[in-house]
Amino acid sequence: MHEENKAAANGCGKIRSGGQSGAALLALMEKTGYSMVQQNGQRKFGGPPPGWEGPPPPRGCEVFVGKIPRDMYEDELVPVFERAGKIYELRLMMEFSGKFIGVCVSLDNCRLFIGAIPKDKKKEEILNEMKKVTEGVVDVIVYPNATDKTKNRGFAFVEYESHRAAAMARRRLIPGVFQPWGHTIQVDWADPEKVVDEETMQRVKVLYVRNLMISTTEDKIKAEFNKFKPGVVERVKKLRDYAFVHFFHREDAVAAMSIMNGKCIDGASIEVTLAKPVNKESSWKQHFNGQRSPSSENLLGFPNKEDGAQKSLGKPASLAIHLNGQRSPGPPEVERSTYPIFPGIKLTPISMYSLKLSHFSSAVMHLDYFCHKNSWAPPEYCLYSTTSQDGKILLVYKVLISSIADDSQSYFMPEKLCTTVEDAKELAAQFTLLHL
């Protein structure tokens, strides 16, 4: 018996009470002839097994097994896995210290996010398709495209009668297996809408207006909301196809919501609700740190996960306020660490576009990623400068976004100047993401 095998087996005996575990592993290795090596927080059993000839098994021959009881080791696992076939290698992740459990509030989520839906499908078609293959469907929420109201945005939210019904549907709607209209869809839990306490909502005097035409101006919106009672609107802030209408008094905001919801402005039927306040200080950091997902109107254009579309039904208030307030947002704060490259570690070339959003820490990288995912040309940055009264050079970038699909172009430029090129570019990228 090799010394490393004995050391690995003895290591297990120190973790479990009693000496039977170490003896059981030694007996397993003597019976199978496999070797065992413990290093870098894992224990490797086999790889290759005795008498193996030729190269290792190709990609696709390895499976990941999670939720293994912490007091179960190779002497019990190997017989179970051998039922499926000959084991080439088994790597068991080890935990050598006490571990804290994680506890969080359980969400009774009844809503699924369905992405990569054909944009020409109507609500009724999507609803009927979901009812065909899943049970307990209550409703389907579909948002019209920002530039073409006859199309959807490529995603929908499916509401189920219970959390269990939604969970069963999520299991059934397996991407690649269930292909409605010949398309491979994306399925995940919808991020829950932000809950604001009733006392706070009772003080809200800002309305959130959705489904506006891109061409509709802030002046037009203000005029329409002033019709039922002149002079009640303080100001309007429009971002792409949605806007925030600020009133001087709450009672006027509530009355306007009731009157204007469902009305047509420039040919578009608008949706009006009370805007939900959020923490202005932390919202931008939370968006980039993955602590909260983008809003239903996709301020950033990114989800928490790598599905390429938004999944939340929150209201996009905080980021717009942050950029248009008295101070510009600082760089996103994400935890950054470095790790040593141990001998034998295999490095594989990859594309940045295959990574998750959590790997990016700057708005510039997020914008590049977003353009690639939407099959747009890379963003173009045009630098402009001016001189302040005290002689400082101030900088601002204009960003050009070109759609390869329809040859359309859009320009975005923040209304703030910066003293460094890096800050100017980051601010321009943040501003552009807010408006996409």
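Here are some notes:
- Inter-label distance for Lys220 and Leu400, nm, one decimal - labels placed 7 Å from Cα along Cα-to-Cβ: 2.7 nm
- Extending 7 Å from Cα along the Cβ direction at Asn109 and again at Thr184 yields two label points whose distance is 2.2 nm.
- Averaged over its residues, the range 20-93 has an accessible area of 69 Å² per residue, based on protein heavy atoms and a 1.4 Å probe.
- Using a Förster distance of 60 Å, the FRET efficiency for Asp197-Glu53 (Cβ separation, nearest 0.05): 0.30
- Here the alpha carbons of the range 352-434 define both size measures, Rg and Dmax, at 14.1, 46 Å.
- Efficiency of FRET from Cβ geometry, Val37 and Ile174, R₀ 30 Å, rounded to 0.05: 0.20
- A viscosity of 0.692 mPa s and a temperature of 37 °C, combined with the Kirkwood radius over Cα pairs in Stokes-Einstein, give a translational diffusion coefficient for the range 135-204 of 224 µm²/s.
- Annotation: amide H-H contacts under 5 Å for Ser35 (H modelled 1.01 Å from N, sequence separation of 5 or more, or interchain): Gly46.
- In this structure the range 198-274 gives 49 Å² per residue of accessible area when probed at 1.4 Å with all protein chains present.
- Cross-link table Lys356/Lys425; Lys119/Lys416; Lys123/Lys205; Lys122/Lys263, entries beyond 24 Å C-alpha to C-alpha: Lys119/Lys416; Lys123/Lys205
- Shown for the range 20-93: the carbon plus sulfur share of the solvent-accessible area, taken with all protein chains present and a 1.4 angstrom probe, equals 53%.
The values are calculated or read from the model by the stated rules, or taken from the named source; none is laboratory data. This structure is a prediction, so every number in the text was calculated from the model and none was measured. Counting neighbours? That spans all protein chains shown, and the Cβs are built from the backbone with ideal geometry, glycine included. These accessible areas exclude ligands, DNA and RNA; they are computed on the full protein's heavy atoms, side chains included. Shrake-Rupley method; radii C 1.70, N 1.55, O 1.52, S 1.80 Å.
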